[in-house]
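Chemist: Right, I'll just put the structure down here and ask away after.
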Amino acid sequence: MARPRVFDVDKAVETATDLFWRNGYEATSLADLTAAMGITPPSFYYAFSSKYGLFKRVLEHYTTTRLSYAEDALNQPTARDVAEQTLLRLVDLYTDPTRPPGCLIMNNALPCNENSTPLHRELAGSRAARRARLCDRLIRAQTDGDLPADCDPDGLAGLILVVGWGLAFAAQSGATRDDLQRTVATALKAWPS
């Protein structure tokens, strides 16, 4: 009969979130993970199947606990408010002093070609899905007359995401919250009126 698990899986996922966010997927070893979680490799494999299995749990955790705040900006009343709140909420996330700087997803997307591993394909799919949600919201704004008929909702969704990714890299490189907020204000000057 299998022994019951003697560690808190949610706490282990939170610990792994910090490690992957700080070090990246490639640079975080099984030894790093098990040492930080205080578990043995057999317990690790029993709970998560693999490092990739754990990382998928980390992504779910990060998406529901961190990115949901930025994702909720899609509910803002105007398209400009959606863009502004998405970016400002990302600034808050990327500069939270209790977390590593930048974005867990972007910190893990860079080390190799996005199509080289299942992990990178999944991260690319996540970025594409986020762009599609933004685009759908902006199309709705255009249909409602909140955006000019001649603007490009997909291009605007791309602008929001590219600025957001740039904010993540800037935060990781030491930019302050004030620096990033000024960047958002400058980027929003390009928003169609």
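Every number here is computed from the coordinates shown, using simple stated rules; none is lab data. Because the structure is a prediction, the values reported are computed rather than measured. For neighbour counting, all protein chains shown are included, and Cβ atoms are generated from backbone atoms with ideal geometry for every residue, glycine included.
Chemist: The list (i) 1.15; (ii) 1.22; (iii) 1.28 gives values of Cα Rg over 2.2 N^0.38 Å, and only one came from this structure; which label was calculated from it?
Modeler: Only one option fits the structure, namely (i).
Chemist: Now, a different point. Out of the range 50-127, which trypsin sites (Lys or Arg not before Pro) are coil in DSSP terms and have no more than 12 other C-beta atoms within 10 Å?
Modeler: For trypsin sites (Lys or Arg not before Pro) across the range 50-127 that sit outside H, G, I, E and B with at most 12 neighbouring Cβ atoms in 10 Å, the list is empty.
Chemist: Beta carbons within 10 angstrom, averaged per residue: use that to sort the peptides 94-102, 133-141, highest first.
Modeler: Going from most to least packed, we get 133-141, 94-102.
Chemist: Please state the relative contact order of the range 52-188 as a whole percent: Cα pairs under 8 Å, 6+ residues apart?
Modeler: On the way: 123 pairs, mean separation 40.2, N = 137.
Relative contact order here is 29 percent.
Chemist: Also, quick follow-up: When Ile39, Ile160 are ordered from fewest to most other Cβ atoms inside 10 Å of their Cβ, what list results? All intermediate terms of the calculation are to be shown ahead of the outcome.
Modeler: Details: Ile39 20, Ile160 25.
Final ranking by Cβ density, sparse to dense: Ile39, Ile160.
Chemist: Let me know the shape class of the range 80-150, please: from the alpha-carbon gyration tensor, a ≥ b ≥ c as square roots of the eigenvalues, rounded when a/c is under 1.5, otherwise prolate if a/b is greater than b/c, or oblate.
Modeler: oblate
Chemist: Please go through the range 1-80 and write out the GluC sites (Glu not before Pro) that DSSP classes as loop and that have at most 14 other C-beta atoms within 10 Å.
Modeler: Answer in residue order: Glu26.
Chemist: Go ahead and estimate [θ] at 222 nm for the chain from helices alone: -39,500 (n - 2.57) per DSSP H run with n ≥ 4, summed, over the residue count, rounded to 500.
Modeler: Using -39500 (n - 2.57) per qualifying helix, the result is -20500 deg cm²/dmol.
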